[in-house]
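To start, the structure itself, in structure tokens.
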Amino acid sequence: MMNDLSLNPYWAIAAMVVAGMAMRTGGYWLMGYVALTPRVQRMLAALPGAIVMSIVIPLIHQGGVSSAFAIAGAAAVMTFVRSEFLAMAVGVALAAALRAVGI
Amino acid sequence: MIRPSAPPVTLGGVRYGLLRALPLLPGTAMLGAAVTALAAQKGLTLGEAVVMNTFVYSATAQFLAAEAWIHPMTLNGVVTLAALTLVANMRYVLVGASLRPLFGGLPGWQVYPLLCITADSSWLITIRAHAEGRRDAGVFAAACVSIWLAWVVAAVPGYMFGAWIANPRAVGLDLVMPAFFVALLVPLWRGWRAAISWAIAGLVALAASMYLPGWWFLILGAVAGSAAAGFVDDE
């Protein structure tokens, strides 16, 4: 089947680059012609939160206790320290620690 | 009619942009390293990770790509990765739009390359400088280039570190992506009313993850949440 043909992975990267650059340049370009309505702005602004929830909720559902705690830990760290990297590090460390004791 | 502004590029602006970007460079580099470390774990080659890191330049898209990566690559894979990147980066439409009033008068060849290497941090520096009354494209240029370079430089060391880890689950490395995303979520909190769209996103994604293959759950959840926000009259 056509869909199972093996492709050079760099085609995937190229497609990602095109998609990314289209988004990064598109807003600026579009604004030269037409302003974004408040509704469209609201929708675009809501995207990051929606994406994150779409990843995290299914993950907590499948992931098990160590994952749930790791995610909660990351959220807590971020709330108080405001460092994505630290939040990530704590989340990862929590998961490792819990798994090390068999959870 | 409002004339689009064409601010100058001055050395003072460049210096200011660099000064504002400097404290953010280590964190940027560490995040970039984490992203390529995951890429190494998920089977990308060094070349693939470095090229993706340099030209996609999006932690969200790159994390998702690492998780969705398949080997050998197929057309399905290419389409999935492109769709994920599109959704992950769609918020940059707002970022670009917000920069039009600032730089719309400048020639495109000066602005568009910088737009391609704009990150949230460099965008914020630029917007804040403008809000403080600085009319200088040098801030934009310096912030974008320096933060992007920090990201690029971290790629190889990050990859090496990731390739060195023998047991990713024991180290909790599989939590890198979700922990990062949760960390992203925290500053986005806008109150319980706005959280309705988040809840809808989560529920749609959960349902989709149980019935649909691949990464559809993410795209559907994101679209559902976004649409919900569009139809809840905010503020």
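The values are calculated or read from the model by the stated rules, or taken from the named source; none is laboratory data. Since the structure is predicted, the reported quantities are computational estimates derived from the model, not experimental observations. Neighbour counts are summed over all protein chains in view; Cβ atoms, including those assigned to glycine, are modelled from backbone coordinates with ideal geometry.
Output the residue which, of all residues in the stretch A:20-29 that are of a type in the set (A, V, I, L, M, F, W, C) and facing chain B (nearest Cβ under 7 Å), is surrounded by the most Cβ atoms within 10 Å (Cβ to Cβ). Among those that are of a type in the set (A, V, I, L, M, F, W, C) and facing chain B (nearest Cβ under 7 Å), it is A:M23. Within the set B:L175, B:L218, the sole residue that is within 7 Å of chain A (Cβ to nearest Cβ), more than 15 Å from A:I51 (Cβ to Cβ) and under 20 Å from the mean Cα position of the chain (by Cα) turns out to be B:L175. Scan the stretch A:49-87 for residues that are within 18 Å of B:P168 (Cα to Cα) and not in a helix (DSSP H, G or I) and the total you get is 1. When the residues of the stretch A:20-64 are filtered to those that are β-branched (V, I, T) and within 22 Å of B:A59 (Cα to Cα), the one that is modelled with the highest pLDDT is A:T25. Screening the candidates A:I60, A:I51 for the property of being more than 7 Å from chain B (Cβ to nearest Cβ) and either touching a helix residue (DSSP H, G or I) at 6+ places or on another chain (Cβ under 7 Å) or touching a residue at least 60 places away in the same chain (Cβ under 8 Å) (or both) yields one hit, A:I60.
The residues of the stretch B:128-155 that are surrounded by fewer than 22 Cβ atoms within 10 Å (Cβ to Cβ) and of a type in the set (F, W, Y) amount to a single one, B:W148.
Flag not set for A:G73, criterion: surrounded by 15 or more Cβ atoms within 10 Å (Cβ to Cβ), within 7 Å of chain B (Cβ to nearest Cβ) and modelled with pLDDT of 90 or more.
Here's the yes/no breakdown for (1) more than 8 Å from chain A (Cβ to nearest Cβ); (2) touching a residue at least 12 places away in the same chain (Cβ under 8 Å); (3) assigned to a helix (DSSP H, G or I):
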| position | (1), (2), (3) |
| --- | --- |
| B:V156 | yes, yes, yes |
| B:A163 | yes, yes, yes |
| B:F180 | no, yes, yes |
| B:G191 | yes, no, no |
| B:A201 | no, yes, yes |
| B:A207 | yes, no, yes |
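Does A:L94 meet the test of being without any contact (Cβ under 8 Å) to a residue 40 or more places away in the chain, farther than 28 Å from B:E48 by Cα, buried (at least 16 other Cβ atoms within 10 Å of the Cβ) and not β-branched (V, I, T)? Judged against the criteria, A:L94 is a match. Restricting the stretch B:106-147 to residues that are polar (S, T, N, Q) and assigned to a helix (DSSP H, G or I) leaves a set whose member that is farthest from the other protein chains (Cβ to nearest Cβ) is B:S146.
Meeting the requirement of 1 or more residues that are within 14 Å of chain A (Cβ to nearest Cβ), the helices (runs of 4 or more DSSP H) wholly within the stretch B:7-58 are B:25-41, B:46-55.
When A:L36 is tested against (1) within 17 Å of the chain's Cα centre (by Cα); (2) facing chain B (nearest Cβ under 7 Å); (3) not β-branched (V, I, T), only condition (1) is not met.
Among the residues of the stretch B:191-235, the ones that are closer than 16 Å to B:V87 by Cβ and not β-branched (V, I, T) come to 23 in all.
For the stretch B:30-47, enumerate the residues that are under 18 Å from A:A14 (Cα atoms) and out of contact with any Phe, Trp or Tyr (no Cβ under 7 Å at 6 or more places or on another chain). Answer for the stretch B:30-47, where residues must be under 18 Å from A:A14 (Cα atoms) and out of contact with any Phe, Trp or Tyr (no Cβ under 7 Å at 6 or more places or on another chain): B:T45, B:G47. Per this entry, B:V139 is not counted among residues that are touching a helix residue (DSSP H, G or I) at 6+ places or on another chain (Cβ under 7 Å) and closer than 28 Å to B:A40 by Cα.
For the stretch A:3-19, state whether one or more residues are out of contact with any strand residue (DSSP E or B) (no Cβ under 8 Å at 6 or more places or on another chain), at pLDDT below 95, surrounded by fewer than 19 Cβ atoms within 10 Å (Cβ to Cβ) and part of a helix (DSSP H, G or I). Scanning the stretch A:3-19, I find at least one residue that is out of contact with any strand residue (DSSP E or B) (no Cβ under 8 Å at 6 or more places or on another chain), at pLDDT below 95, surrounded by fewer than 19 Cβ atoms within 10 Å (Cβ to Cβ) and part of a helix (DSSP H, G or I), so the answer is yes.
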